[in-house]
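Contents: one structure, followed by commentary.
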Amino acid sequence: MIRTQHLDATDPITRTEAIATAAQMLKEGKLVVIPTETVYGLAANGLDTQAVRGIFTAKSRPSDNPLILHIQSMAQLAPLVQDIPPIAHKLAEAFWPGPLTMVLPKSPLVPEVTSGGLDTVAVRIPDHKTAREVIAAAGVPLAAPSANLSGSPSPTNARRCAQDMDGRVDAILMDADCRVGLESTVVAVGDRGVTVLRPGWITPQQLTQVVGKGLVEVHSGVLSHLEEGERVASPGMKYRHYAPNAKVTLIDGDTEGYRRFLEQFVGLHGVFALCFEEDLPLSVPYFCYGGGEDFDEQARLLFEGLRHLDEQNATEIYAHSPKATGVGLAVYNRLIRAAGFREMKV
Ligand code: TXA
Ligand code: MG
């Protein structure tokens, strides 16, 4: 057990010192949870093999699942990669700082542990004031996976970080709730186009506007179950993910059908709904994760909803399936994984 310091970045009086302390600890090879616009990240000096090993231990993360390097300027990108293809320049111009991660061939500067033994590296510039100030003050790229225990829903607020990471990291830089709520869009950048490896708040439609028609592909693993032993483009695709303790099942149907389906569980202990606002009233206890058409709100609330229902000792969660379009594709991608690909039509 490590003693975990809580550093307060929300109070204007303590903020500057909190950020300086976090940056100093990162320089010393320590582990610090930091806020970003997507989810909180468990950060360490991404060029320090020993420090990065600490991330894998703290999260109980499989060592072949590579990490994202967080930088705060374009100047920091060049030394990390073989070269920057024109498409990457265009994407950076359009979406950085922001929730887009680019996978590019890595330079020898990036340690094996960081890239999970791959010859590519994932990089992004977060659109978050505190995050960028910490990266700047630390002076190194920060490797940072989501700050949850491996397999659990990512933390979107400081309280959830403390629940998972107290005793496992040196400090938590506590800031406001995350604006996006789901992890960044991950794209593999090729010479001719990009492949979406993980959908996020930056949608395939938005990418197409920048890269060009027909040049954006969504990897088949985004919505489907990978076969045992199948070669994966992104190691993160193959692991059980985002899952609460409760068993989650997606229910695909209209409001009427969803309501009727839930009636069979009236009075049953441990059964909860993860629903849309327009589904109310329901015959079982629930958490509302936004309006059925409000994908931004669904993204913002999904992980907190799953964690909240765990706290209520839910054993079964019946989630109303989101529409898999726009940002909804990312919401659906996380939920179907949380459900272990269980979905029923009603
Ligand atoms: O929004 C985010 O991306 C958050 C915040 C903290 O920045 N970070 C995050 O990191 O979600 P993590 O480690 O939980 O997810 C990184 C994903 C994994 O699915 C991993 O497999 C994939 O990116 N990835 C990382 N490096 C890769 C590479 N070289 N090739 C393919 N996929 C890669
Ligand atoms: Mg994660």
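The values are calculated or read from the model by the stated rules, or taken from the named source; none is laboratory data. As the structure is a prediction and not an experimental result, all values here were calculated from the model. Using ideal geometry, Cβ is built from the backbone for each residue, glycine included, and neighbour counts are taken over all protein chains shown.
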Index of the failed condition, Ala243 passing every other in (1) at pLDDT 95 or above; (2) within 25 Å of Ser146 (Cα to Cα); (3) not hydroxyl-bearing (Ser, Thr, Tyr): (1)
Residue in region 35-55 that is at pLDDT 95 or above, in a strand (DSSP E or B) and away from ligand 1 (no atom under 14 Å from the Cβ) present: yes
Boolean, Pro145 is within 21 Å of Pro235 (Cα to Cα) and without any contact (Cβ under 8 Å) to a residue 40 or more places away in the chain: no
Odd one out for Met344, checked against (1) closer than 29 Å to Ala158 by Cβ; (2) in contact with a Ser or Thr (Cβ under 7 Å, 6 or more places away or on another chain): (1)
Residue satisfying all of: in region 155-181; assigned to a loop (DSSP other than H, G, I, E, B) and basic (Lys, Arg); nearest to ligand 1 (Cβ to nearest atom) among these: Arg179
Unique match (being among the small types (Gly, Ala, Ser), away from ligand 2 (no atom under 16 Å from the Cβ) and either exposed (fewer than 13 other Cβ atoms within 10 Å of the Cβ) or in a loop (DSSP other than H, G, I, E, B) (or both)) among Ala22, Ala75: Ala75
Region 25-49: number of residues that are within 16 Å of ligand 2 (Cβ to nearest atom) and either in contact with a helix residue (DSSP H, G or I) (Cβ under 7 Å, 6 or more places away or on another chain) or not small (Gly, Ala, Ser) (or both): 13
Checklist (1) among the hydrophobic types (A, V, I, L, M, F, W, C); (2) away from ligand 1 (no atom under 12 Å from the Cβ); (3) within 21 Å of the chain's Cα centre (by Cα) applied to Val103, failing item: (2)
Some residue of region 185-207 being more than 16 Å from Ala92 (Cα to Cα) and acidic (Asp, Glu): no
Residue among Ala314, Ala330, Ala273 that alone is surrounded by 22 or more Cβ atoms within 10 Å (Cβ to Cβ) and assigned to a loop (DSSP other than H, G, I, E, B): Ala314
Residue within region 257-270 that is under 22 Å from Gln163 (Cβ atoms), crowded, with 19+ Cβ neighbours inside 10 Å and not hydroxyl-bearing (Ser, Thr, Tyr) present: no
Inter-residue pairs, beta-carbon under 7 Å, first in contact (Cβ under 8 Å) with a residue 24 or more places away in the chain and in region 35-49, second among the charged types (D, E, K, R) and within 13 Å of ligand 2 (Cβ to nearest atom), 6+ apart: Thr38/Glu183; Val39/Glu183; Leu42/Lys59
Whichever residue in region 93-107 is crowded, with 24+ Cβ neighbours inside 10 Å and more than 15 Å from Val180 (Cβ to Cβ) and, among such residues, is farthest from ligand 2 (Cβ to nearest atom): Met102
Residues satisfying the stated conditions in region 137-154, i.e. part of a loop (DSSP other than H, G, I, E, B) and crowded, with 18+ Cβ neighbours inside 10 Å: Val140, Pro141, Ala144, Pro145, Ala147, Asn148, Ser152, Pro153, Ser154
Qualifying residue in region 65-83 (condition: under 22 Å from the mean Cα position of the chain (by Cα) and farther than 22 Å from Ala136 by Cβ): yes
Enumeration of residues in region 248-292 that are aliphatic (A, V, I, L, M) and more than 27 Å from the chain's Cα centre (by Cα): Leu262, Val266, Leu268, Leu280, Leu282, Val284
Pro66 being in a loop (DSSP other than H, G, I, E, B), farther than 24 Å from Ala18 by Cα and within 16 Å of ligand 2 (Cβ to nearest atom): yes
Qualifying position, being of a type in the set (A, V, I, L, M, F, W, C), more than 16 Å from ligand 2 (Cβ to nearest atom), more than 14 Å from the chain's Cα centre (by Cα) and assigned to a loop (DSSP other than H, G, I, E, B), among Val121, Val134, Val110, Val196: Val110
Tally of residues being on the phi > 0 side of the Ramachandran plot and within 12 Å of ligand 2 (Cβ to nearest atom) across region 137-173: 1
Test: residue in region 185-192 that is within 24 Å of Asp11 (Cα to Cα) and surrounded by 17 or more Cβ atoms within 10 Å (Cβ to Cβ): no
